[in-house]
Amino acid sequence: MNVVEIKGVTKTFAQGNVTALENIDLELQPGEFVSLIGPSGCGKSTLLRIIGDLTPPTSGTVTVNGKPAKQARTDGDYGIVFQDSVLFDWRTVAKNIGLPLEMLGWDREKRRTRVEQMLDLVELRGFADHHPWQLSGGMQQRVSIARALSFEPALLLMDEPFGALDEMTRERLNLELLSIWQQLGSTVVFVTHSISEAVFLSTRVVVMSPRPGRIAGFVDIDLPFPRTVETREDPHFFELVTLVRELLRRRGEHLLPEEAELL
Amino acid sequence: MLALAGAWELYRWIWTTTGWGWPFTVDNTSMPHLWTIFKAFGQPTQVNQPTLISILFHKSLFTGKEALVGFAVGAVVGFTIGVVLAHSRLLQRGFLPYIVASQTIPILAIAPMVVVWVNPKLPTGLQGWGAVAVIASYLTFFPVAINTLRGMRSADPRALELMRTYAASPWTVLWKLRVPSSLPYVFAALKLAATASVVGAIIGELPSGLQDGLGGAIINFNQYYSFEPQELWATNVVAAALGIVFFLAVVVAEKLVVRGAPENVA
């Protein structure tokens, strides 16, 4: 069974009469790491929000774990990580990670055990009693990832989670995310506008084009696992990056000049 | 504190030596010496009576009790109003103007009515001071209601979205997100309310004819002001001290409750 099934999804925003997404079809198999990439305005974040039932599609259907998206949301079938960590300042790191578990009614002892596992997973042992503002941006985002994964959702939605971080922190977190993903085996939808990040992380890259938002093509990433620092220097890595870039460029006529320059 | 005392005495000295009459004539009646005021604390007001400080201390306990109950009632009522109005734009439109209007009516005009309405309904233990507490709560609920309303809306929209992904009930969102985010606003209001509750209690005592509190003392010493101004001044000092105690209590409570929050949030 597909973890996510998107059929004929269109999204128009009444304000300004913008077609953010037009007739999107996408299927995600269990254990896939899929990146959505495209210039701003291609609707990649909107598509992620539609999968998470945070925005309703104008038409079309979204199924998560065989259920309508809304049902999946209320069942807690996915964890989400935003570009900002969105941690609660008044809670310690441990209590931030345990927040979804409180919602699910886990007892204190069970929560404590799981939070400790998650702290190990994101390598934040010893920071349990810190408050978010005492952590660096990268550490905050790791707490946010631990929180999203704490209840072992089958699906992890990530909306440019490392977009606000510096390049070095970003590359380190990429490695960490891959190792977490391999340990847990969950399915990941990852929105980014970095080509190399998308290629490095994914098993499949979905290239999107703007105005209206459409899927321009798919690139299967057949780089072997585990991926390491050396993977980024592999000639095949560069071939795949080029392939994604070409796909983005082929839709260049839809781009504004300043966006085309970025490619 | 010392600078203030120095300024008082310096002002006194300049105005009495030059004989300036503007903005008002300074003499021992309008501005008694500080030491006259503080000496008055240690002296009995009448022969064979306790010292002034001991009288004022007991009166301030009584007023403090009224203010404390009024503060608590006002804070709870104000907080509840803020939470309810934050959840319904319709109720907010309907009720907010009346809540604002309630504060434009002078408290002195309402106090006698409250006494007449409330007192007969109260059990004997609460009679008299209970009505004053209600008057004090009338002053305290307002800032708490307005700031709670504002604080409820200060929750990060992305955090609200996160709660949505957890399918959190409105009740859970309230206690786990909205209330904690509103605390800095609520505590700012509680600081205003703390001092307002003392003022409310003192004013509330006036039409109640209560002699047990600072309000009674103020009425009393007012009548003797031209002979013994230091006693009214001393009462004012005690009333101010009571207000400061209330304020500091809120500051301490805030430190305890929002211990976890960073400086810029607290």
Inter-residue pairs, beta-carbon under 9 Å, first at the interface with chain B (Cβ under 7 Å from one of its Cβ atoms) and farther than 23 Å from A:Leu54 by Cα and in segment A:77-96, second surrounded by fewer than 24 Cβ atoms within 10 Å (Cβ to Cβ) and among the hydroxyl-bearing types (Ser, Thr, Tyr), 6+ apart: A:Asp89/B:Ser181; A:Trp90/B:Ser181
Subset of segment B:199-217 [acidic (Asp, Glu) and surrounded by 24 or more Cβ atoms within 10 Å (Cβ to Cβ)]: B:Glu205
Among residues of segment A:31-66, those that are touching a strand residue (DSSP E or B) at 6+ places or on another chain (Cβ under 9 Å), away from every other protein chain (no Cβ under 14 Å) and either assigned to a helix (DSSP H, G or I) or within 25 Å of A:Leu243 (Cβ to Cβ) (or both), counted: 14
Residue that is surrounded by the most Cβ atoms within 10 Å (Cβ to Cβ), among those in segment A:97-109 that are more than 9 Å from every other protein chain (Cβ to nearest Cβ) and closer than 20 Å to A:Ala154 by Cα: A:Ile97
Filter result (small (Gly, Ala, Ser) and either out of contact with any Ser or Thr (no Cβ under 8 Å at 6 or more places or on another chain) or farther than 21 Å from A:Glu233 by Cα (or both)) within segment A:163-209: A:Gly163, A:Ala164, A:Ser179, A:Gly185, A:Ser186, A:Ser194, A:Ser196, A:Ser209
Positions within segment A:67-76 being surrounded by fewer than 20 Cβ atoms within 10 Å (Cβ to Cβ) and within 11 Å of another protein chain (Cβ to nearest Cβ), in sequence order: A:Lys70, A:Gln71, A:Thr74, A:Asp75, A:Gly76
Residue selected from segment A:141-162 under the condition in contact with a Ser or Thr (Cβ under 7 Å, 6 or more places away or on another chain) and of a type in the set (Gly, Ala, Ser), by the criterion nearest to A:Met118 (Cα to Cα): A:Ser144
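Which is farther than 22 Å from B:Ala241 by Cα, of a type in the set (Gly, Ala, Ser) and crowded, with 24+ Cβ neighbours inside 10 Å, of B:Gly125, B:Gly70, B:Gly78?
Details: B:Gly125 fails: crowded, with 24+ Cβ neighbours inside 10 Å; B:Gly70 fails: farther than 22 Å from B:Ala241 by Cα.
Of the residues listed, the single one that is farther than 22 Å from B:Ala241 by Cα, of a type in the set (Gly, Ala, Ser) and crowded, with 24+ Cβ neighbours inside 10 Å is B:Gly78.
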Options B:Thr172, B:Thr195; residue that is within 14 Å of chain A (Cβ to nearest Cβ) and among the hydroxyl-bearing types (Ser, Thr, Tyr): B:Thr172
So A:Met103, is it over 30 Å from A:Ser194 (Cβ atoms) and not small (Gly, Ala, Ser): yes
Residue in segment A:123-162 that is farthest from A:His193 (Cα to Cα), counting only those that are free of Cβ contacts under 8 Å to residues at least 40 places away in the same chain and within 13 Å of chain B (Cβ to nearest Cβ): A:Asp129
Matching residues, segment A:29-62, being at pLDDT 85 or above and small (Gly, Ala, Ser): A:Gly31, A:Ser35, A:Gly38, A:Gly43, A:Ser45, A:Gly52, A:Ser59, A:Gly60
Scope segment B:155-167; condition under 17 Å from A:Ser144 (Cβ atoms) and within 8 Å of chain A (Cβ to nearest Cβ); matching residues: B:Asp156, B:Arg158, B:Ala159, B:Glu161, B:Leu162, B:Arg164, B:Thr165, B:Tyr166
Residue check, A:Leu26 at pLDDT 90 or above, surrounded by fewer than 23 Cβ atoms within 10 Å (Cβ to Cβ), within 16 Å of the chain's Cα centre (by Cα) and part of a strand (DSSP E or B): yes
Failed item, numbered, when B:Ala217 is tested on (1) of a type in the set (A, V, I, L, M); (2) within 11 Å of chain A (Cβ to nearest Cβ); (3) touching a Lys or Arg at 6+ places or on another chain (Cβ under 6 Å): (2)
Residue match in segment B:242-261 (condition: outside any helix (DSSP H, G or I), among the charged types (D, E, K, R) and more than 14 Å from every other protein chain (Cβ to nearest Cβ)): no
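Residue by residue through segment B:69-114, note down the ones that are over 16 Å from the mean Cα position of the chain (by Cα) and closer than 21 Å to B:Gln127 by Cβ. Show your work before the answer.
Looking only at segment B:69-114, we keep the residues that are over 16 Å from the mean Cα position of the chain (by Cα), and these are B:79-102, B:104-105, B:109-110, B:112-114.
Correct list: B:Ile110, B:Pro112, B:Met113, B:Val114.
Hey, any hits in segment B:82-105 for a residue that's charged (D, E, K, R) and either surrounded by 15 or more Cβ atoms within 10 Å (Cβ to Cβ) or over 20 Å from B:Glu205 (Cα atoms) (or both)? Please lay out each step first, then the result.
Filtering segment B:82-105 down to residues charged (D, E, K, R) leaves B:89, B:93.
When the remaining residues are screened for being either surrounded by 15 or more Cβ atoms within 10 Å (Cβ to Cβ) or over 20 Å from B:Glu205 (Cα atoms) (or both), the result is B:89, B:93.
Yes - at least one qualifying residue is present in segment B:82-105.
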Residue within segment B:177-190 that is touching a Leu at 6+ places or on another chain (Cβ under 9 Å), buried (at least 20 other Cβ atoms within 10 Å of the Cβ) and away from chain A (no Cβ under 14 Å) present: no
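The values are calculated or read from the model by the stated rules, or taken from the named source; none is laboratory data. Treat the numbers as computed from the prediction; the structure is a model and nothing was measured. Reconstructed Cβ throughout: ideal geometry from the backbone, glycine too, with neighbour counts over all protein chains shown.
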